[in-house]
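Asker: Please read through the structure below; I'll follow up with questions.
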Amino acid sequence: MKQYNGIIKLLCLLVVAPIVIWLTTLKGTSELHSDHERLIQQSRQSSSARQFPAPSLADVASSEPLLSNGKILQVMAETLTTGQVNVVSYSPEEVRTEGESSLYLGALTLSGRYIELVKVLRDTEQMQLPLKIASVRFEYDRKQRHAAKVLTCRILLEQIEQH
């Protein structure tokens, strides 16, 4: 038996080890890869089968002006009914004009507790208004010794409006 010890080790290395490696690691990877390829094929077939009409630029651009005339404040009044969030300031600004379209930037500053301000942001996003929230910045007065309960939130809104 001692003379066959090297042959047995070689046989285990060449036959048994690849089978164990395949069963423990590579088999699952191979199955995942084939599932991935199958899903890609299905998504290509389903996307080519159904074509969704893209929203036209005219529909988006011809939306009602909200920033230039301050109507955004009337729209947001529904979300501000709790009285825990106050409007500090609002200033619209025309950033650029090309042809009959203008890009407006509205800087809206609100004050209130953090959770209430985040709820206002959530409600504004869920309204699906024809504008974009460009940035949001929360601030508090750093001169106070204790953490402020009232924060200010500066929201920059953008909208393309037609003349």
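The values are calculated or read from the model by the stated rules, or taken from the named source; none is laboratory data. Here the structure is a predicted model, which is why all the values come from computation and not from measurement. Using ideal geometry, Cβ is built from the backbone for each residue, glycine included, and neighbour counts are taken over all protein chains shown. Areas reflect the complete protein model, heavy atoms only, side chains present, ligands, DNA and RNA absent. Shrake-Rupley method; radii C 1.70, N 1.55, O 1.52, S 1.80 Å.
Asker: Straight-line reach only, C-alpha to C-alpha below 16 angstrom: list the aspartates and glutamates that Lys119 could link to, leaving out same-chain residues fewer than 8 apart.
Answerer: Partners found: Glu78.
Asker: Then there is this: So, for segment 93-157, what is the accessible surface per residue at a probe of 1.4 Å, expressed in square angstrom?
Answerer: On the way: 4560 Å² over 65 residues.
Value returned for segment 93-157: 70 Å² of accessible area per residue.
Asker: Lys/Arg Cβ at +1, Asp/Glu Cβ at -1, dipole of segment 63-139 taken about the Cα centre: which of Pro65, Val120, Leu105 is farthest positive-ward?
Answerer: With unit charges placed on the Cβ atoms, the residue in question is Val120.
Asker: Order these peptides, 33-40, 108-115, 130-137, by their mean beta-carbon neighbour count within 10 angstrom, highest first. Write down the numbers at each step before the final one.
Answerer: On the way: 33-40: 10.0, 108-115: 17.4, 130-137: 13.2.
Per-residue Cβ counts within 10 Å, averaged per peptide and sorted highest first, yield 108-115, 130-137, 33-40.
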